[in-house]
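The values are calculated or read from the model by the stated rules, or taken from the named source; none is laboratory data. As the structure is a computational prediction, the values presented were derived from the model and not from experiment. Cβ placement follows ideal geometry from the backbone for every residue including glycine, while neighbour counts extend to all protein chains displayed.
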Amino acid sequence: LSDALYATAALGLSRLVAHAEQDAAFRADLGGRLAAGGDAQAGAAALLDLAEINLILPAHRHFALARAAFPKPVPALTEENLYEARALYARVSAEANDAAPYLLLSIAARMEAPWRALRLVHHIAGAADETLTHAREDAEILAESLFEDLESHARQLERDADDDLYTEDATASLSHFAEAAGGLIGEASAAGDGVAVNRAEACRDIAAGALMRFCEQAHAAIRKTQPVRHAGGSSRLMGLRPDIDRPLDPGAEARAGAGAKFLAEAGNLAQRLGRAD
């Protein structure tokens, strides 16, 4: 019964996708229905999701086997895990080749730390032979997914650094990024993958720039609790002096305290980003 339901769903979706590819008006209408309230770009993304589901449905049994073989969360991939993943990948490649890269992505999604899936990338890429002709390309899809996440995170840090500083959010985001980047670099280094190392290091550069900007904002928050004025009288006294009569802005002390706490942690964050200097 399960196979029949999946087969019927796959047939219906394939017809729907084929119609959408051939009829622009139908495609626009379907995209609007799938992404209700969204724009044309959201509709196009929803149609792409539908097309991907259509590719996966014929291989539903292989995905069920992968879920059973890799119960969440998978802390790390052992040699046994790698060969099990390779066997699952080989079977789905033989029966539903278009779904093969999605099987690798599904295994990666079950990892406790996604960066640990880079080991699977290298294992599958090295398995390319006359029977697994698309292994390298499929492994590259998984690798690209891992690095797209890292690059997206780095760019988000860059954007956040241009907004007001929220120290707890900045610390958590930088810490999460540092773990992901360090993990990818460690796995790539172990495999001798210099290209992946350089790509992750480039992301680290962006994150380090964001950290510097966060530190500047933290220093500025502290300075706002130390108002100054120009002294009068003798020219020797014309320098800046503390202005004890000027009231502080509401919340200035709290922001300064948060900024000081962030600065105290900044050195550790820089070290985790590989930028201790």
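Points to keep in mind about this one:
- Within segment 17-33, one or more residues are of a type outside the set (S, T, N, Q), outside the structural domain of V121 (by TED's automatic domain parsing) and not in a helix (DSSP H, G or I).
- Given (1) in contact with an Asp or Glu (Cβ under 9 Å, 6 or more places away or on another chain); (2) of a type in the set (D, E); (3) under 21 Å from G267 (Cα atoms); (4) in contact (Cβ under 8 Å) with a residue 24 or more places away in the chain, index of the condition E187 fails: (3)
- Scanning segment 127-139 for residues that are part of a helix (DSSP H, G or I) and either modelled with pLDDT under 95 or surrounded by fewer than 21 Cβ atoms within 10 Å (Cβ to Cβ) (or both) yields A135, R136, E137.
- Considering segment 35-58, the residues that are assigned to a helix (DSSP H, G or I) and charged (D, E, K, R) include one that is modelled with the highest pLDDT, namely E52.
- Among the residues listed as I107, I124, the single one being closer than 25 Å to N54 by Cα, in contact (Cβ under 8 Å) with a residue 40 or more places away in the chain, surrounded by 22 or more Cβ atoms within 10 Å (Cβ to Cβ) and not hydroxyl-bearing (S, T, Y): I107
- Selected residue [in contact with a Cys (Cβ under 8 Å, 6 or more places away or on another chain), crowded, with 17+ Cβ neighbours inside 10 Å and in contact (Cβ under 8 Å) with a residue 60 or more places away in the chain] from A181, A208: A181
- Residue within segment 77-91 that is surrounded by fewer than 11 Cβ atoms within 10 Å (Cβ to Cβ), assigned by TED's automatic domain parsing to the domain that holds I107 and at pLDDT 85 or above present: yes
- Where I53 falls short, out of the listed (1) in contact with a Leu (Cβ under 7 Å, 6 or more places away or on another chain); (2) surrounded by 15 or more Cβ atoms within 10 Å (Cβ to Cβ); (3) of a type outside the set (S, T, N, Q); (4) farther than 23 Å from L118 by Cβ: (2)
- Residues that are surrounded by 15 or more Cβ atoms within 10 Å (Cβ to Cβ) and not in a helix (DSSP H, G or I) within segment 59-76 comprise F70, V74, listed in sequence order.
Residue by residue, here is whether (1) of a type in the set (G, A, S); (2) closer than 22 Å to E95 by Cβ holds:
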{"residue": "A113", "(1), (2)": "yes, no"}
{"residue": "E137", "(1), (2)": "no, yes"}
{"residue": "L142", "(1), (2)": "no, yes"}
{"residue": "E148", "(1), (2)": "no, no"}
{"residue": "R159", "(1), (2)": "no, no"}
{"residue": "S173", "(1), (2)": "yes, no"}
{"residue": "A178", "(1), (2)": "yes, no"}
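- Odd one out for I107, checked against (1) of a type in the set (V, I, T); (2) assigned to a helix (DSSP H, G or I); (3) out of contact with any strand residue (DSSP E or B) (no Cβ under 9 Å at 6 or more places or on another chain): (3)
- Every test in (1) more than 20 Å from L269 (Cα to Cα); (2) surrounded by fewer than 19 Cβ atoms within 10 Å (Cβ to Cβ) is passed by L142 save one, and that test is (2).
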